[in-house]
1. For the stretch 128-183, what are the residues that are closer than 24 Å to Pro224 by Cα and in contact with a strand residue (DSSP E or B) (Cβ under 8 Å, 6 or more places away or on another chain)?
2. Can you tell me which of (1) closer than 17 Å to Ile21 by Cβ; (2) hydrophobic (A, V, I, L, M, F, W, C); (3) surrounded by fewer than 14 Cβ atoms within 10 Å (Cβ to Cβ) is the one Cys164 doesn't meet?
3. Residues of the stretch 122-144 being outside any loop (DSSP other than H, G, I, E, B) and over 24 Å from the mean Cα position of the chain (by Cα), which ones?
4. Could you check how many residues of the stretch 189-243 are open to solvent by 70 Å² or more (accessible area, probe 1.4 Å), assigned to a helix (DSSP H, G or I) and closer than 29 Å to Leu132 by Cβ?
Amino acid sequence: MDNRFATAFVIACVLSLISTIYMAASIGTDFWYEYRSPVQENSSDLNKSIWNDFASDEADEKTYSDALFRYNGTVGLWRRCITIPQNTYWYSPPERTESFDMVTKCMSFTLNEQFMEKFVEPGNHNSGIDLLRTYLWRCQFLLPFVSLGLMCFGALIGLCACICRSLYPTIATGVLHLLAGLCTLGSVSCYVAGIELLHQKLEPPENVSGEFGWSFCLACVSAPLQFMASALFIWAAHTNRKEYTLMKAYRVA
């Protein structure tokens with residue numbers, strides 16, 4: 001194997017490994033989108049009710065979104081989290097002290113919630129199904145797993161190529177990484193579109209700001225790494241095969 005192709009193959013493997021780690025980390029963490037809101041220090045009846053509704057298995061999109069707006073919420077692909085006082089009372093503390101501790105409370109999205117229809121007016125089941133937001137949500141949940149699966153399958157093919165001492169099978173690895181990059185890019189696009197459409201229907205309060213978190217950034221970085229790895233795999237395999245064919249033809253001649 002030519003040193004150029006071996007170097008390209010090694011670099012592509014490193015890029016593939018990094019992109020896989022980034023993708024797995026983004027799927028498993030809860031910081032795709034983060035809200036920043038004033039700290040709700042008291043434990044009034046209203047706050048208690050919101051916390052209980054957030055933790056309920058029957059919480060709809062509007063219910064948990066309102067809690068995310070009020071309590072510095074974070075949203076991932078699998079879980080939603082809010083920050084609430086650690087020691088809750090039925091009365092308001094007289095004043096805040098330095099020992100006033102906050103804890104993060106998370107709830108997982110069930111499979112039923114992942115595939116549940118979104119409504120034109122969040123929380124209003126009589127407003128009709130919003131097909132666009134429904135399928136955007138489903139795609140943002142499914143596509144990262146498809147991407148991760150394609151990269152793992154591509155890694156198996158690359159391992160077989162190493163065992164066979166041939167670069168030609170890595171064309172399939174390159175194609176799989178290209179498809180994985182498209183899936184990752186599609187997932188990121190679906191997530192951005194879904195968040196923007198949700199905020200058009202449920203606008204956050206004026207004192208609440210939101211931004212995409214580091215889990216989302218990891219997925220964004222993973223996509224170009226997958227594309228670069230794909231390009232190197234395909235180039236190394238195709239060029240090596242082409243030179244081998246020319247050399248064989250020259251020897252025959």
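The values are calculated or read from the model by the stated rules, or taken from the named source; none is laboratory data. Treat the numbers as computed from the prediction; the structure is a model and nothing was measured. Reconstructed Cβ throughout: ideal geometry from the backbone, glycine too, with neighbour counts over all protein chains shown. Note: accessible area is taken over every heavy atom of the protein model, side chains too, but ligands, DNA and RNA are not part of it. Shrake-Rupley method; radii C 1.70, N 1.55, O 1.52, S 1.80 Å.
1. At the first step, the residues of the stretch 128-183 found to be closer than 24 Å to Pro224 by Cα are 136-159, 161, 167-183.
Within the stretch 128-183, no residue meets the criteria.
2. (1)
3. Within the stretch 122-144, just Ile129 meets the criteria.
4. Counting residues in the stretch 189-243 that are open to solvent by 70 Å² or more (accessible area, probe 1.4 Å), assigned to a helix (DSSP H, G or I) and closer than 29 Å to Leu132 by Cβ gives 4.
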